[in-house]
Amino acid sequence: MSQFSLSDLEQIVSERAKADPQTSWTAKLVAAGQEKAAKKLGEEAVETVIAAVSADRQNLTSESADLLYHLMVVLKIAGIPLQDVMDELQRRTAQSGLTEKASRQPT
């Protein structure tokens, strides 16, 4: 079983973001800016949904990996550490999902 984590992925994205955009897809995305990276994230999200509704387990696994990678790139460009996202998830899971969602509804 792999011990690879999202923290590992965040570190890899951070290192590759410093590379030459001619030789690194990550660096090329970062150089292109948030709009391009966010569009790629959206494309991967749609592809992940399509794989999920078609019950294609192998493709869902592959597209989910692409989705997580592109999310890490978007977070890197925005200067948002993964730990901030994890802290928010921890805060939200301290209560029931329905209660937490209701707390985000406009009054």
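The values are calculated or read from the model by the stated rules, or taken from the named source; none is laboratory data. Note that the structure is predicted; figures quoted are calculated from it, not measured. Virtual Cβ from ideal backbone geometry, glycine too; neighbours counted across all protein chains shown.
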(request) Scan the range 53-76 for residues that are among the β-branched types (V, I, T) and under 15 Å from the mean Cα position of the chain (by Cα) and jot them down. (result) T61, V73, V74
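Of the residues that sit in the range 1-19 and are in a loop (DSSP other than H, G, I, E, B) and either among the aromatic types (F, W, Y) or touching a Leu at 6+ places or on another chain (Cβ under 9 Å) (or both), which one is nearest to A78 (Cα to Cα)? Full working, then the answer.
Going through the range 1-19, the residues in a loop (DSSP other than H, G, I, E, B) turn out to be 1-5, 17-19.
Now drop any that are not either among the aromatic types (F, W, Y) or touching a Leu at 6+ places or on another chain (Cβ under 9 Å) (or both), which leaves 4, 17.
Working: F4: 23, A17: 13 Å.
Per the criteria, the residue is A17.
Listed here are the residues, each with its yes/no results for (1) hydroxyl-bearing (S, T, Y); (2) over 15 Å from E10 (Cβ atoms); (3) at pLDDT 95 or above.
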position	(1), (2), (3)
L29	no, no, yes
K36	no, yes, yes
K40	no, yes, yes
A55	no, yes, no
P81	no, no, yes
A102	no, yes, no
